[in-house]
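The values are calculated or read from the model by the stated rules, or taken from the named source; none is laboratory data. In this text the structure is predicted, and so the values were computed from the model without any measurement. A quick note on method: Cβ atoms are made from the backbone with ideal geometry, for glycine too, and the neighbour counts reach across all protein chains shown. To get the accessible areas, we keep the full protein, side chains included, count just its heavy atoms, and leave off ligands, DNA and RNA. Shrake-Rupley method; radii C 1.70, N 1.55, O 1.52, S 1.80 Å.
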Amino acid sequence: MQNSFTEENYLKIIHSLSGREGLEVSTNALAESTATRAASVTDMLRKLADKGLIHYKKYQGVRLTDLGEKVAIKVIRKHRLWEVFLVEKLGFGWDEVHDIAEELEHIPSEVLVEKLDAFLGHPRFDPHGDPIPDSKGNLTEPDYLILTDVHISEKVLMMGVLDHAPAFLQYLDRSNITLGCIIEVKEINDYDKSAFVQINGAHTLFISLEVSKNLLVQRL
């Protein structure tokens, strides 16, 4: 049975909110994430439960079934592959691709997805550093640090972002903070945990705690 775009989006959001531990997600959290009334969320959850895609009991939260997890991973795989295609082959910026990929991820053709993956050379990460599930649905989340966990004088490799908002990505572009750049923490302000960092051994930059909290890095 083909799932609707809205149903697939709900499954993807539940997968994201439940995290690696597969925690139950509340109706209120889903309502906030989807900008939808709680009553409408409840109606959708009933539909998903009837299809065997989620485990749901009123007032007890929701989590994906094995089938729901499989569908969510497929949608995530398509989304991230399309983002790679849009950036690498069509020249879009990493701040421009999310909404377009949101539409393309619902194309049902499995043949298209596998040909797209092969055409792109089987990429492991999307333009934001997020891992791409493989053709068997395996999704390995890398053990990255958040920049706030890094100490003064440490050098780290910029690996990804938690915030995909265009305004944030545009800020990073203006600051020359890109995937693969080397960041060295030079100073951390005790008052608000803002910091001075050096990018690629060249220019020094002031960044706020909010920026640091959204940068995923790996120690060198």
Subject >> Which listed residue is of a type in the set (A, V, I, L, M, F, W, C) and free of Cβ contacts under 8 Å to residues at least 24 places away in the same chain, from LEU90, LEU120 >> reply: LEU90
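Does HIS122 satisfy being more than 22 Å from SER16 (Cα to Cα) and either outside any helix (DSSP H, G or I) or of a type in the set (Asp, Glu) (or both)? Spell out how you get there, then give the answer.
Working: more than 22 Å from SER16 (Cα to Cα): yes; either outside any helix (DSSP H, G or I) or of a type in the set (Asp, Glu) (or both): yes.
Considered against the rule, which asks whether it is more than 22 Å from SER16 (Cα to Cα) and either outside any helix (DSSP H, G or I) or of a type in the set (Asp, Glu) (or both), HIS122 comes out as yes.
Would you point out which residue out of ILE177, ILE182, ILE207 is of a type outside the set (Ser, Thr, Tyr), surrounded by 14 or more Cβ atoms within 10 Å (Cβ to Cβ), within 14 Å of TRP94 (Cβ to Cβ) and not assigned by the TED database to the domain that holds VAL111? Give the derivation first.
Numbers: ILE182 fails: within 14 Å of TRP94 (Cβ to Cβ); ILE207 fails: within 14 Å of TRP94 (Cβ to Cβ).
After ruling out the rest, the residue left standing is ILE177.
Let's see how each residue does on (1) buried (at least 20 other Cβ atoms within 10 Å of the Cβ); (2) more than 18 Å from the chain's Cα centre (by Cα):
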site	(1), (2)
HIS79	yes, no
ASP99	no, no
GLU103	no, no
LEU112	no, yes
PRO131	no, no
Original post:
Under the condition of being open to solvent by 60 Å² or more (accessible area, probe 1.4 Å) and touching a residue at least 24 places away in the same chain (Cβ under 8 Å), which residue from region 136-161 is nearest to ILE207 (Cα to Cα)?
Top reply: THR148
Subject >> Every residue from region 89-111 that is closer than 16 Å to ILE73 by Cα and either in the same structural domain as MET159 (by the TED database) or aliphatic (A, V, I, L, M) (or both) >> reply: ALA101, LEU104, ILE107
**OP:** Scan region 1-47 for residues that are open to solvent by 50 Å² or more (accessible area, probe 1.4 Å) and in a helix (DSSP H, G or I) and jot them down.
**Re:** PHE5, THR6, SER16, LEU17, ASN28, GLU32, SER33, ALA39, ASP43, ARG46, LYS47
Original post:
So which residues in region 140-155 are within 11 Å of ILE183 (Cβ to Cβ) and in contact with a helix residue (DSSP H, G or I) (Cβ under 7 Å, 6 or more places away or on another chain)?
Top reply: LEU147
